[in-house]
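Notes follow the structure.
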There are 2 protein chains.
Amino acid sequence: MAIITNEDIDDLAVGAALLGTGGGGDPYIGKLMAKAAIERHGPVDLLALDDVPDDIEVAACGAMGAPTILIEKMPSGEEIGLALRAYENRVGKAMGAIIPFEAGGINSMVPIMLAAECRLPVIDADGMGRAFPQLEMETFNVYGVPAAPVTVADEQGNVVIIETESAAKAEWLARGVTIRMGGQSYIVNYGMDGRTTRRVSVPGTMSLAIGIGSTIRLALAAHRDPLADLIEFFSGTHYETARLLASGKVVDVSRREQNGWSVGVVTIEPFDTSRRPVRIQIQNENLVAEEDGRVLAIVPDLICILEADTAEPITTERLRYGQRVNVLGVKVPPIMRTPEALDVFGPAAFGLTQNYAPLEAG
Amino acid sequence: MAIITNEDIDDLAVGAALLGTGGGGDPYIGKLMAKAAIERHGPVDLLALDDVPDDIEVAACGAMGAPTILIEKMPSGEEIGLALRAYENRVGKAMGAIIPFEAGGINSMVPIMLAAECRLPVIDADGMGRAFPQLEMETFNVYGVPAAPVTVADEQGNVVIIETESAAKAEWLARGVTIRMGGQSYIVNYGMDGRTTRRVSVPGTMSLAIGIGSTIRLALAAHRDPLADLIEFFSGTHYETARLLASGKVVDVSRREQNGWSVGVVTIEPFDTSRRPVRIQIQNENLVAEEDGRVLAIVPDLICILEADTAEPITTERLRYGQRVNVLGVKVPPIMRTPEALDVFGPAAFGLTQNYAPLEAG
């Protein structure tokens with residue numbers, strides 16, 4: 001079994017920020033939290049999805065809230081453990097492994113913190129294959145695992161347990177609670193057995209994120225173009241295809257907090273003056289990139305805004321006028337592109353009117 | 001032990017509406033719900049506070065939300081039973097009696113529904129001695145009973161369990177959940193043993209409400225002035241003093257839904273033209289009545305707006321321009337007027353700048 005040490009955390013933070021496609025929360029804060037947990041409790045076992053035993057109990061976890069708020073409302077570090085204890089108490093079972101409900105930003109780190117603290121393995125997989133803004137946008141939900149019970153904890157030690165039959169209602173209620181908790185909370189949900197976990201999860205996303213981070217780090221150390229190395233790296237993974245969608249300068253950022261999310265639009269003016277501005281719509285994550293009304297990439301495929309020179313992923317809350325960026329589109333695995341999956345987290349699920357168009361067809 | 005039959009429910013509805021001081025929800029809908037439960041399950045035992053055994057488990061219950069919403073969002077009747085089962089499951093104990101968390105409106109009826117359904121006695125007492133707009137405004141809280149765990153259920157079968165050390169935080173989170181549930185929910189909270197219940201509750205409020213209703217009914221049947229009979233009735237109870245504060249016409253109603261409450265101001269122009277308009281501030285309940293800036297009555301004392309001819313209590317959501325009304329002030333028992341009690345539900349707790357002035361001193 002692989003392990004995650006403090007040396008992996010920096011790479012994971014960069015990779016998780018990229019998979020976060022703008023959302024998933026600030027990787028710096030998540031990194032500090034995960035490192036502190038590993039220093040205190042030791043390295044975390046990383047369990048390949050194929051190796052998850054049939055009959056262990058697995059729970060998903062992560063943070064909920066607007067990423068912009070995480071910067072100002074620091075976690076105590078106790079929240080997610082509190083949520084897990086409330087969850088285990090509610091279902092009357094001890095968990096045998098932790099799975100991230102999301103691959104991206106802080107939500108690749110929170111499961112490591114929790115796994116370190118509880119001395120449980122973390123599974124090399126997740127329920128989104130990227131970051132999404134809503135709890136029902138999970139392959140777990142797409143393929144039949146109930147979201148509830150959901151436990152929600154905050155840094156003051158308050159805990160809320162939600163029981164409902166609908167994943168969308170679980171999201172709605174947990175989001176309301178999270179807003180009342182000041183805009184940021186820590187959540188355990190989607191309990192299932194190991195056999196089910198293997199069937200409903202996006203595989204390999206934790207090691208994918210570490211690979212993304214190390215690819216960028218090694219390219220920079222060798223003075224190579226990290227973007228070219230990244231595209232090459234993706235071609236050797238189950239995400240297969242990454243493509244440069246635009247290269248240019250951020251000329252407009254419109255962003256606001258709405259209903260517990262960061263929503264907005266960023267406009268990028270290409271360095272190549274023969275091309276038109278690229279407009280990216282955001283709901284915590286980057287949802288759709290368009291050039292002159294033509295879709296370049298759209299959810300669930302990834303739209304990653306990277307700092308032009310260093311390929312450092314730029315999260316939604318850190319977008320600023322004048323940043324020089326590359327926009328990378330990345331194909332997602334087949335489990336995220338079935339008709340059932342597109343029903344739950346395709347364009348229409350976000351209120352977008354554009355049809356889904358696979359990145360590689362563009 | 002006394003029992004509550006369907007014959008008592010009409011009187012109780014009127015009395016609960018009066019104790020509701022404008023809030024507590026529509027008595028008509030509550031009445032239908034309580035009658036249906038008694039028809040299905042039989043009469044409910046009414047247990048005098050002094051007779052509550054030391055060691056039984058008691059839970060408080062009621063509905064939460066803006067009274068204006070209850071009119072449009074009809075309950076299924078299953079909600080409060082669902083909340084109680086979730087509560088008993090959470091604490092691992094069966095309840096031996098039910099206590100209303102509020103005396104007023106629908107919240108004098110919900111405990112009867114629940115008691116009928118579960119074949120438990122309902123205690124002749126409550127935690128407010130009237131209606132208040134917030135869950136922490138309870139003598140239970142004033143005298144040291146934790147509000148949580150709190151279970152919250154809605155008509156779709158969704159259940160939320162809140163665990164927190166602060167009653168104000170329980171209110172804040174439950175209110176957020178209630179808003180997400182569409183503005184109306186059903187709640188169980190303030191679990192305690194019988195000995196504690198006797199120490200922290202406002203006694204006799206269920207039978208007081210039935211007495212208020214029968215006093216008005218009998219006066220009308222005998223063509224007597226119900227207001228005079230009411231004042232006489234109160235003088236024989238532990239509420240002791242009721243006083244006519246104003247007689248006049250509603251000339252202005254300003255009311256809106258804000259943060260899950262109905263808030264506003266009603267202005268009454270006295271029939272006696274030598275007197276100035278009386279202005280009553282509302283947050284679900286009537287909080288303060290003033291004539292020309294002079295306080296006539298203020299929370300926690302009761303301010304009851306009654307239809308002029310019939311003494312029918314008018315709830316906040318049914319206030320209309322042109323209604324002819326009497327405004328009755330009623331003194332509350334000592335347990336509601338201690339410094340600790342005034343800290344929790346005196347004027348300052350509502351953001352009012354006026355000092356508390358006992359009704360009988362005015």
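Among the residues of segment B:251-304, those identified as open to solvent by 30 Å² or more (accessible area, probe 1.4 Å) and not in a strand (DSSP E or B) are B:259, B:271, B:272, B:273, B:274, B:275, B:276, B:277, B:292, B:293.
Under the condition of being among the charged types (D, E, K, R), farther than 15 Å from residue B:200 by Cβ and surrounded by fewer than 24 Cβ atoms within 10 Å (Cβ to Cβ), the residues counted in segment B:119-136 number 1.
A Cβ distance below 7 Å, combined with a sequence gap of six or more or placement on separate chains, defines the contacts here; from segment A:234-257, residues that are closer than 29 Å to residue A:337 by Cα reach residues that are part of a strand (DSSP E or B) and hydroxyl-bearing (Ser, Thr, Tyr) in the pairs A:255/A:262.
Inclusion of residue B:194 among residues that are open to solvent by less than 10 Å² (accessible area, probe 1.4 Å), more than 27 Å from residue B:341 (Cα to Cα) and away from chain A (no Cβ under 14 Å) is not warranted. With the structure loaded, tell me whether residue B:77 is outside any helix (DSSP H, G or I), modelled with pLDDT under 90 and either among the small types (Gly, Ala, Ser) or open to solvent by 40 Å² or more (accessible area, probe 1.4 Å) (or both) or whether it fails that test. Answer is yes for this residue.
When residue B:146 is tested against the conditions (1) within 18 Å of residue B:46 (Cβ to Cβ); (2) assigned to a loop (DSSP other than H, G, I, E, B), the lone failure is (1).
Considering A:91, A:110, A:122, the condition of being at pLDDT below 95 and under 21 Å from residue A:194 (Cα atoms) is satisfied by A:110 alone. Of all the listed residues (B:319, B:328), the sole one being surrounded by 15 or more Cβ atoms within 10 Å (Cβ to Cβ) and touching a Cys at 6+ places or on another chain (Cβ under 6 Å) is B:328. Can you tell me which residue in segment B:212-250 is surrounded by the fewest Cβ atoms within 10 Å (Cβ to Cβ), limited to those that are assigned by TED's automatic domain parsing to the domain that holds residue B:282 and of a type in the set (A, V, I, L, M)? Result: B:244. Comparison of A:171, A:163, A:155 shows that the only residue that is within 20 Å of residue B:179 (Cβ to Cβ) and either away from chain B (no Cβ under 14 Å) or surrounded by fewer than 23 Cβ atoms within 10 Å (Cβ to Cβ) (or both) is A:163. Of all residues in segment B:270-289, those that are over 17 Å from residue B:351 (Cβ atoms) have Cβ atoms under 7 Å from Cβ atoms of residues that are open to solvent by 80 Å² or more (accessible area, probe 1.4 Å) and assigned to a loop (DSSP other than H, G, I, E, B), 6 or more apart or on another chain, in B:276/B:292.
Of (1) open to solvent by less than 10 Å² (accessible area, probe 1.4 Å); (2) away from chain B (no Cβ under 14 Å); (3) without any contact (Cβ under 8 Å) to a residue 40 or more places away in the chain, residue A:209 satisfies all except one. Which? Among (1) open to solvent by less than 10 Å² (accessible area, probe 1.4 Å); (2) away from chain B (no Cβ under 14 Å); (3) without any contact (Cβ under 8 Å) to a residue 40 or more places away in the chain, residue A:209 violates only (3).
Looking at residue B:116, is it open to solvent by 50 Å² or more (accessible area, probe 1.4 Å) and touching a helix residue (DSSP H, G or I) at 6+ places or on another chain (Cβ under 8 Å)? No, not satisfied.
So that you can scan it fast, the table gives a plain yes or no per residue for (1) within 26 Å of residue A:177 (Cβ to Cβ); (2) open to solvent by less than 40 Å² (accessible area, probe 1.4 Å); (3) assigned by TED's automatic domain parsing to the domain that holds residue A:259; (4) not aromatic (Phe, Trp, Tyr):
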{"residue": "A:46", "(1), (2), (3), (4)": "no, yes, no, yes"}
{"residue": "A:82", "(1), (2), (3), (4)": "yes, no, no, yes"}
{"residue": "A:89", "(1), (2), (3), (4)": "yes, no, no, yes"}
{"residue": "A:95", "(1), (2), (3), (4)": "yes, yes, no, yes"}
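Please go through segment B:305-347 and give me each residue that is in a helix (DSSP H, G or I) and modelled with pLDDT of 95 or more, ordered by number. Scanning segment B:305-347 gives B:334, B:335, B:336, B:339, B:340, B:341, B:342, B:343, B:344, B:345, B:347.
The values are calculated or read from the model by the stated rules, or taken from the named source; none is laboratory data. Note that the structure is predicted; figures quoted are calculated from it, not measured. Note that we place each Cβ from the backbone using ideal geometry, even for glycine, and neighbour counts take in every protein chain shown. Ligands, DNA and RNA are stripped out before the accessible areas are found, and what is left, the full protein with its side chains, is counted by its heavy atoms. Shrake-Rupley method; radii C 1.70, N 1.55, O 1.52, S 1.80 Å.
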